1. Starting from 0.36 nm per residue, how many nanometres of slack lie between K125 and V241 once their C-alpha separation is accounted for?
2. Read phi for every residue in region 95-103 and hand back ³J(HN,Hα) as whole Hz from Karplus 6.51 cos²θ - 1.76 cosθ + 1.60, θ = phi - 60°, with x for Gly and Pro.
3. What is the magnitude of the charge dipole of the chain about its Cα centre, with +1 placed on the Cβ of each Lys and Arg, -1 on the Cβ of each Asp and Glu, and no other charges, expressed in debye to the nearest 20?
4. Where Rh denotes the Kirkwood radius from the mean inverse Cα pair distance, what is Rg over Rh for the chain?
5. Which value in deg cm²/dmol, rounded to the nearest 500, describes the helix-derived mean residue ellipticity at 222 nm for the chain, given -39,500 (n - 2.57) per DSSP H run of n ≥ 4 and division by the residue count?
6. What whole number of Å gives the distance from the Cα centroid of region 241-306 to the Cα centroid of region 191-223?
7. Can you sort I240, I117, I132 from fewest to most other Cβ atoms within 10 Å of each residue's own Cβ?
8. Anything over 21 Å Cα to Cα? Flag those among K4/K62; K27/K146; K192/K259; K27/K222, in the order listed.
Amino acid sequence: MPIKFLLSGFYFFYFAIIGIYVIFMPKVLQGLGFSGVDIGVVFATAPLVRFATPFAFIKGLKLTPKIFNFSLLLLVLSSALFFVAVRNLYALIFVNILLGMGLSLALPFVEVIALEIITKEHYGKVRLYGSIGFIIVALLLVRFLKGADIAISFLVVVCVLTAVFGYFIALGHTTGSTQNNQIQKSGFDIKKHRNLWIGLVLMQISFGPFYNFFTIYETAHKISLHMSVYLWSFGVIAEIVMLMFQGRLLRHNLLFIIKITVLSAVVRWLLLFLYPYSLAVSFFTQSLHALSFALFHTAVISYLFVLYKNKHLAQQFYLGMTYGLGGFIGALYSGYMYEYFSKYLFLSASVIAFAAFVFLSYHEKLSCHEKQGKLEA
């Protein structure tokens, strides 16, 4: 099968998993009687695993097709275990750890293949199928969601289909193991660009309230669950449009683009705080998903692809540090904020996103000085 078809299928079902996970699972857990703190703790476990995973690769673990297939098996197994774990906090934490391992190992393997084969200019046109998968599962599940078992059934199905497409990608990509063995021998210095990494982590922390409490926040402000799903879907439509047409933008200064997308997040979260009951404002903030998520993600992975020779590990650390450490802190802090200071949930997110912009600006300044020094030398 053509590699673009396999990549498109993998992205479609992988991000359908994310759609079920972030849109419906928090609401499902709330309906089962879990508190805001409980939900924050549960959704912090998978990102924590994502954060820990890259360090195993520094110690010698290699992202081979065999490890990739193992991650696909974990996705299927962990999704099925939700049936028996969904009503127990500690069982949920354990299952989320397994799911986090599967998610953290699977995506970097595919991302590097995509950037190698289709390049950053055309990456968005394949990656947009992930956004389509996200929106379709949202629109379908909201019609059938009657309880936890329905949501978990959807989760199992999309995990199985993700595994099928992933298996055929690994089957047809035999160079990954050799390349990975070569790049493991090269160093990976995260401290050299510490301001960049701090900025990326802070950006993801600012998404904590959105990923874990957006549905709950909107329904608490008299916006229905169905309309909340339409808001999610509208954001993904904006994301799809960006992914289709972002190629030309990515030929320009990637750091500048990253900073603009971070500023869009500052505005996005601030507006949600200022106008919590306004449906029109909520739709506008969702349109900013095109910048604060779609363009941000592609610009960052493209920038890291150029910045580091060790490309597999760079993608591992991006997912580990942002969606891992950033997601972990974001889930925990947003859980406590919603429980005790719910009014200021998105104001805090806006402040954190602005801090990310400051660190990224400082990184850009240092990078310019470093380039200038090399030219003078």
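1. Contour length minus the Cα-Cα distance gives 40.8 nm.
2. Coupling constants for region 95-103: 5, 5, 4, 4, 4, x, 4, x, 5 Hz.
3. Numbers: 27 positive and 12 negative charges, 118 e Å.
For this selection, approximately 560 debye.
4. Values: Rg = 19.6 Å, Rh = 20.7 Å.
Radius of gyration relative to Kirkwood radius: 0.95.
5. Details: 16 runs with 302 residues, N = 377.
Rounded to the nearest 500, the figure is -27500 deg cm²/dmol.
6. Value for the Cα centre distance between the two parts: 13 Å.
7. Ranked by crowding around the Cβ, least crowded first: I117, I132, I240.
8. With Cα atoms farther than 21 Å apart: K4/K62.
Read-outs: derived from the displayed coordinates by stated rules, not from any lab. Since the structure is predicted, the reported quantities are computational estimates derived from the model, not experimental observations. Every residue, glycine as well, gets a Cβ built from its backbone with ideal geometry; the counts of neighbours run over all protein chains shown.
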